[in-house]
Amino acid sequence: MLVNSKKLFDNALKQGYAIPAYNINNLEWIRFILEACNEDKSPVILAVTPSSIEYFGGYKIVVNLVETMINELCIKVPVVLHLDHANDFLSCKMAIDAGFTSVMIDVSTMGFEDNVAITDKVVSYAKEHDVSVEAELGSLGSDDSSQDIYLYSDLEQSHDFVFRTGIDSFAPSVGNVHGFYNGNEKIDFELLGAICKMVRIPLVLHGASGLDDNKLKTAIFCGVTKINFNTDLMYAWSCEVRKYLKTNKDIYDPRKIILSGKNAVKKVIHEKNTIIGSKNRL
Ligand code: 13P
């Protein structure tokens, strides 16, 4: 069943765990994630970036694929279909019109007032359609060396931003980066906790791949309710596929090649669901 994130966040906040958000990169990824979370009885957020929307061929294709798979595979856990890091109003509108149940508007690299104005416009449209909205302030880094400067969210501005936009969840920049940390991780948990007390809405931790169990649990303790993973799953999958191709030099069936990484991806999902406490929550 596709749902928005409101009830899931309320339950997670009350019971002190986090909802996992896993990026779907292709058709098979949707299935791996749905199966693993259904086995774990874990609610799940399927996150789709604009570049993945393009890869799939459009918003409606993604919605139809996800809804059909939920029905055909008899998935019993609540599923949120979320647009990840949309950088304009139109992308959010198209996702909402197609049937997404949650969107993230990320115009954090624009000036503060522009960020407030565009986010506010997305919230107004989303509210009419019962869709949840996440937004970001500050600037997240990436392991891509061309973007290694990031900006921590300002405490007062965070409060102002959340209050003025009415977003459902807030993704602060607290030293988290997308991709690999390469041993250079500087998450400011004190700031994370202070932001949580200040904004009083569910917080989202982007770039959670590579963070150890303690850090993930500390983030939840500080008020994080949604945790985003992508790189860890992709890395596990690609390692397995490389191994498979090395030892199966005659195989050329793409289904066998893609599926050789399935168990590795599901194993990572089971581990993450266990660490962040989303298992057995139905
Ligand atoms: P990682 O790829 O670092 O896990 O980050 C995922 C993410 O935050 C998606 O928005």
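Kindly flag which residue pairs out of K41/K262; K76/K197; K76/K186 have an alpha-carbon separation exceeding 28 Å in this structure. Write out the running numbers ahead of the final one.
On the way: K41/K262 19 Å; K76/K197 34 Å; K76/K186 38 Å.
Violating the 28 Å limit, Cα to Cα: K76/K197; K76/K186.
May I ask you to give the percent of accessible area on region 1-158 that is carbon plus sulfur, with a probe radius of 1.4 Å? Intermediate results must be reported in sequence, preceding the final value.
Working: 3560 of 6850 Å².
Exposed carbon and sulfur together represent 52 percent of the surface.
Under a point-charge model restricted to the Cβ atoms of Lys and Arg (+1) and Asp and Glu (-1), what is the dipole moment magnitude of region 1-127 relative to its Cα centre, in debye to the nearest 20? Could you put the intermediate results ahead of the total?
Working: 10 positive and 15 negative charges, 91 e Å.
It comes to approximately 440 debye.
Which Cα, out of F89, N26, V63, lies furthest along the positive dipole direction of region 1-145 (beta carbon charges, K/R +1, D/E -1)?
Toward the positive end, the furthest listed residue is V63.
Just to confirm the number: angle between the C-alpha axis of helix 262-276 and the first principal axis of the chain, 0 to 90 degrees, nearest 10?
Orientation of helix 262-276: about 30 degrees from the principal axis.
Rounded to a whole number of µm²/s, how large is the Stokes-Einstein D of region 84-221 at 20 °C and 1.002 mPa s, given Rh as the Kirkwood radius over C-alpha pairs?
140
Beyond 20 Å, what percent of the Cα pairs of region 2-82 remain?
For region 2-82, the fraction of Cα-Cα distances above 20 Å is 28 percent.
Between G261, G183, G210, where does the largest GNM mean-square fluctuation fall for the chain, given springs only between Cα atoms within less than 10 Å?
Between G261, G183, G210, it is G183 that shows the largest mean-square fluctuation.
With only Lys, Arg, Asp and Glu charged, each at its Cβ (+1 for the first two, -1 for the last two), find how big the charge dipole of region 37-106 is about the Cα centre; round to the nearest 20 debye.
For this selection, approximately 160 debye.
Could you tell me the distance between the Cα centroids of region 22-94 and region 247-282, to the nearest Å?
16
In whole Å and largest first, what semi-axes does the C-alpha gyration tensor of region 145-208 yield when each eigenvalue is scaled by 5 and square-rooted? Kindly include the intermediate steps, with their values, before the conclusion.
Details: eigenvalues 104, 26, 22 Å².
After scaling each eigenvalue by five and taking roots: 23, 11, 10 Å.
For the chain, what does the accessible surface come to per residue with a 1.4 Å probe? Please give it in Å².
With all protein chains present, the chain gives 46 Å² per residue.
Hey, any idea what the orientation-averaged projected area of the convex hull of the chain's Cα atoms comes to, in nm²?
On the way: hull surface 57.3 nm².
Orientation-averaged projected area of the Cα hull: 14.3 nm².
Rounded to the nearest 500 deg cm²/dmol, what is the calculated helix-only ellipticity per residue at 222 nm for the chain, with -39500 (n - 2.57) per DSSP H run of length n ≥ 4?
The helix contribution divided over the chain gives -15500 deg cm²/dmol.
Using only the alpha-carbon atoms, what does region 186-245 span along each of its principal axes? Please give whole angstrom values in decreasing order.
Each principal axis gives a Cα extent; for region 186-245 these are 51, 18, 15 Å.
Which of V123, Y17, T247 sits farthest toward the positive end of the charge dipole of the chain, with +1 on the Cβ of Lys and Arg and -1 on the Cβ of Asp and Glu?
Positive-end residue among those listed: T247.
May I ask you to work out the translational diffusion coefficient for region 1-148 at 10 °C, viscosity 1.306 mPa s, via Stokes-Einstein with Rh from the Kirkwood sum over Cα pairs, reported in whole µm²/s?
For the chosen part, D equals 100 µm²/s.
Quick one: among K266, K249, K197, which has the greatest mean-square fluctuation in a GNM of the chain with alpha-carbon springs under 10 angstrom?
In this elastic network of the chain, the residue with the biggest mean-square fluctuation among K266, K249, K197 is K249.
Can you tell me which of V268, V131, V44 moves the most in a GNM of the chain? Springs connect C-alpha atoms under 10 Å apart.
Greatest mean-square fluctuation among the candidates belongs to V268.
Could you point to the residue in A98, T109, F161 farthest towards the positive end of the chain's charge dipole, with +1 and -1 charges on the Cβ of Lys/Arg and Asp/Glu respectively?
Most positive-ward Cα: A98.
Taking the Cα centre of the chain as the origin, how large is its charge dipole in debye, to the nearest 20, when only Lys and Arg (+1) and Asp and Glu (-1) carry charge on their Cβ atoms?
1160
Can you give the convex hull volume per residue for the Cα atoms of region 145-282, as a whole number of Å³?
Cα convex hull per residue, to the nearest whole number: 158 Å³.
The values are calculated or read from the model by the stated rules, or taken from the named source; none is laboratory data. All figures in this text were calculated on a predicted structure; none of them were measured in a lab. With ideal geometry, Cβ positions are generated from the backbone for all residues, glycine too; neighbour counts draw on all protein chains shown. The protein model used for the area step is the full one, side chains on, heavy atoms only, and it has no ligands, DNA or RNA in it. Shrake-Rupley method; radii C 1.70, N 1.55, O 1.52, S 1.80 Å.
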